[in-house]
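Take a look at the structure below.
What follows draws every value from the coordinates through simple rules; no lab data is involved. Computed from a predicted structure; not experimentally measured. So basically every Cβ, Gly included, is an ideal-geometry build from the backbone, and we count neighbours across all protein chains shown.
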Amino acid sequence: MLSASLSAAGLAPDVSADEILMGIAAAVARHEAANALNNRVAELEIAFDAAATSAAFESIRKRIMDGQQIAVSAQGRADLLAPWIRYFEGVHKLLGSQQAAATGHFTKEYGPRTATIQRRLRPVYGFGDIEVSSKGSSIAIHVNRNNEELRPTDYFSQSQVQTLVLGLFLTACSSQTWSGFSSIMMDDPVTHFDDLNTYALLDLLSGLQGSPDGCKQFVISTCDEKMLQLARQKFRHLGDAAKFYRFSAIGADGPMVAEIPA
């Protein structure tokens with residue numbers, strides 16, 4: 001067993017005690033050198049970790065300082081803009097109140113006139129007057145049936161809804177006083193109308209054209225031949241004040257339009 005141990009240690013079986021002691025001393029020295037090297041490596045690792053941590057802290061500190069400078073600059077700009085923000089907030093509030101007041105005035109003035117025009121154009125049996133109301137800057141339109149307010153779009157036919165929209169449009173056009181421009185343009189306003197309702201529209205336009213509020217000029221385009229003929233009959237008394245034109249085709253120089261003789 002001793003021979004096997006000496007062989008594992010790389011020693012001959014006849015090695016002397018002094019040689020064994022010298023081998024032990026050399027092994028101890030190597031072990032101490034390895035421990036010293038291990039300690040040095042550990043110290044270097046700690047130093048590297050400390051350097052990396054310090055660099056990271058320095059980077060964070062720099063970013064914090066840069067952020068503080070940006071915040072100071074932004075606060076300065078905010079202080080400069082603060083008076084303008086308060087000014088425009090006041091303007092927005094004033095415009096909002098003016099818009100609400102204008103909407104309220106619109107509904108107060110236009111509601112009754114719209115109901116009158118609606119009855120002139122196409123009365124809807126079983127329903128009362130058109131009610132135009134406002135809340136803030138929003139406008140709502142209702143009709144009364146059996147003391148109940150209902151939305152026209154839920155109960156009116158497509159033709160009746162078109163008549164209501166046309167009534168609102170004509171109410172606005174006939175009531176405006178802020179502009180001297182008195183031309184009113186209408187594109188095919190009698191879709192879904194029968195002859196009686198078409199004639200009612202022409203009769204209404206005739207009244208608006210010569211109303212005490214000021215003469216209006218109506219420019220109407222239509223694909224309805226019956227409306228054209230009814231209009232020629234209705235406005236014949238105006239003479240040259242009523243002009244009628246017929247579009248026939250698109251030519252090389254543009255639309256081909258000719259006046260219809262009286």
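Scanning the stretch 59-110 for residues that are closer than 30 Å to LEU164 by Cα and among the hydroxyl-bearing types (Ser, Thr, Tyr), which turns out surrounded by the most Cβ atoms within 10 Å (Cβ to Cβ)? That would be TYR110. Inspection of the stretch 233-243 identifies at least one residue that is surrounded by 11 or more Cβ atoms within 10 Å (Cβ to Cβ) and in contact with a strand residue (DSSP E or B) (Cβ under 9 Å, 6 or more places away or on another chain).
Given the residues VAL124, VAL190, which is the only one that is closer than 15 Å to PHE218 by Cα, aliphatic (A, V, I, L, M) and crowded, with 18+ Cβ neighbours inside 10 Å? Steps first, answer last, please.
Details: VAL124 fails: closer than 15 Å to PHE218 by Cα.
Only one candidate passes the filter, namely VAL190.
Filtering the stretch 216-232 to residues that are surrounded by fewer than 11 Cβ atoms within 10 Å (Cβ to Cβ) and touching a residue at least 12 places away in the same chain (Cβ under 8 Å) leaves only VAL219. Among the residues of the stretch 85-137, just one is under 18 Å from GLU149 (Cβ atoms) and in contact (Cβ under 8 Å) with a residue 60 or more places away in the chain, namely TYR110.
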